[in-house]
Amino acid sequence: MTARWLTLIGLGEDGRASLSPAANEALAQAALVVGGARHLALAEPLACETLAWPSPMDQAYPRILARRGEKVVVLASGDPFFYGVGSVLARSIPAEEMTCLPAPSAFSLVAARLGWAQQECALITLHGRPLEKIIPHLFDGEKIIALSWDGATPRNLADLLTRRGFGASRMTVCENLGGPRERVRATRARDFALEDVDALNTIALDVVADRDAGIIARAPGLADDFFEHDGQITKAEIRALTLSALAPRRGELLWDIGAGSGSVAIEFLLADDRNAAIAIEANAARAERIRRNALALGTPQLQIVEGRAPEALRGLPAPRKIFVGGGVTAPGLLDAALDTLAPGGRLVVNGVTLETQALLVARHGALGGALISAQIARAEKLGGFFAFRPALPIVQWTFDKPC
């Protein structure tokens, strides 16, 4: 077994002042110290070779691996394995070859400054990610701690909160925590006027929802008016049935074929932060509409493929779940979907037309699975009274591919 030659050291803004004896000893014995320019300055004095992270950072990884067997130190902010470089290095270096000496993370420092229970907060990063990633976490009374991308992030976030009906939320901007330049300032989102925010900042958010705030429910079947659509949308009640049939599990990839408004794919992503989804849509206007819906509902990671299935499916990563909501009768589509579906994966198909329903009945007869029929009726005005107006019935076929 190779000895533990790589040491990851978490630094605070106070530099070496709060490092443990083990961390100081690792720096003293190091043949190479790698880190950002700011980290290298905080760790001074250093008597060995140093390497500042290049851009992109991965250009330095071969140089680090080339020193295997020597004493190498990598400096990081706070906890290297909490939105840090640790997990990236662990892809190439076994854990048994590394020692990690973390410092308190920015999340820990913010929670300590504000007296918040860290385990009760949503801990997210906006560093290198769209601001819209915060949207699913916005509901009245939630506490959020978010890593910033730069000094403009707090103001941009305040604008987003105000637009979405969360302008009364209290924002606390924490800059350079733990160091001599520490500064903590608070404001309401709608009144944001903080100037000269340092690039190294973390935002604490105490969410307050206005009466008209667009709060995204955690249960499947969001109201249809959450989505921009042209009528091609899996309606809320049928969507809830569809998501239940798809049974999203953490880390799964969904194909949403004939995505329409993207509603099923978006709710699949909302089910868990680690899920992934690809929306396949032939209509260019609808594909652009899906993109807008994904941003508005906090799932900017939704991948959109503009094209007609089954041709558009070629080269895509194999999914664990597939939903077909449109174009079911296209020659070869269901066969292509079943061929690509991962073993143990699940296919869910909704059919509205008689032709599609007949096809699903035939597939069920040949392959098995579950077949249901569902119809929803909503109360609507009829003269001076109300009556239930039924929507078109759907047939839903669910099939689990054998392992």
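The values are calculated or read from the model by the stated rules, or taken from the named source; none is laboratory data. These figures come from a predicted structure and were not determined experimentally. Glycine also receives a Cβ, built like all others from the backbone with ideal geometry; neighbour counts cover every protein chain displayed. Areas reflect the complete protein model, heavy atoms only, side chains present, ligands, DNA and RNA absent. Shrake-Rupley method; radii C 1.70, N 1.55, O 1.52, S 1.80 Å.
Structure notes:
- In region 246-261, the qualifying residues are those that are of a type in the set (A, V, I, L, M) and in a loop (DSSP other than H, G, I, E, B), and the one that is most open to solvent (accessible area, probe 1.4 Å) is ALA247.
- Flag for GLY69 being under 20 Å from ILE93 (Cα atoms), at pLDDT below 95 and open to solvent by less than 70 Å² (accessible area, probe 1.4 Å): yes
- Number of positions in region 33-49 that are surrounded by 14 or more Cβ atoms within 10 Å (Cβ to Cβ) and part of a helix (DSSP H, G or I): 4
- VAL361 vs. criteria open to solvent by less than 50 Å² (accessible area, probe 1.4 Å) and β-branched (Val, Ile, Thr): no
Here's the yes/no breakdown for (1) of a type in the set (Lys, Arg); (2) part of a loop (DSSP other than H, G, I, E, B); (3) surrounded by 21 or more Cβ atoms within 10 Å (Cβ to Cβ):
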| site | (1), (2), (3) |
| --- | --- |
| ASP212 | no, yes, no |
| ARG218 | yes, yes, no |
| HIS229 | no, yes, no |
| ALA240 | no, no, no |
| SER244 | no, no, no |
| ALA265 | no, no, yes |
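- Test: residue in region 55-64 that is more than 34 Å from the chain's Cα centre (by Cα), farther than 16 Å from HIS127 by Cβ, open to solvent by 70 Å² or more (accessible area, probe 1.4 Å) and among the acidic types (Asp, Glu): no
- Residue among LEU341, LEU313 that is surrounded by fewer than 21 Cβ atoms within 10 Å (Cβ to Cβ), in contact with a strand residue (DSSP E or B) (Cβ under 8 Å, 6 or more places away or on another chain) and closer than 25 Å to ASP400 by Cβ: LEU341
- Any hit, region 102-113, residues being open to solvent by 30 Å² or more (accessible area, probe 1.4 Å), without any contact (Cβ under 8 Å) to a residue 60 or more places away in the chain and within 15 Å of the chain's Cα centre (by Cα): no
- Checking each residue in region 267-285 for being under 12 Å from GLY326 (Cβ atoms), of a type outside the set (Asp, Glu) and either touching a Leu at 6+ places or on another chain (Cβ under 7 Å) or crowded, with 23+ Cβ neighbours inside 10 Å (or both) picks out ALA279, ILE280.
- Region 379-399 residues that are under 20 Å from GLY231 (Cβ atoms), paired with ones that are exposed (fewer than 10 other Cβ atoms within 10 Å of the Cβ) and among the charged types (D, E, K, R) (beta carbon under 7 Å, 6 or more apart): ARG389/GLU380
- Selection within region 367-390 - outside any strand (DSSP E or B) and either basic (Lys, Arg) or open to solvent by 80 Å² or more (accessible area, probe 1.4 Å) (or both): LEU367, GLN375
- Selected residue (criterion: nearest to ASP224 (Cα to Cα)) from residues of region 286-297 that are within 16 Å of the chain's Cα centre (by Cα) and surrounded by fewer than 22 Cβ atoms within 10 Å (Cβ to Cβ): ALA296
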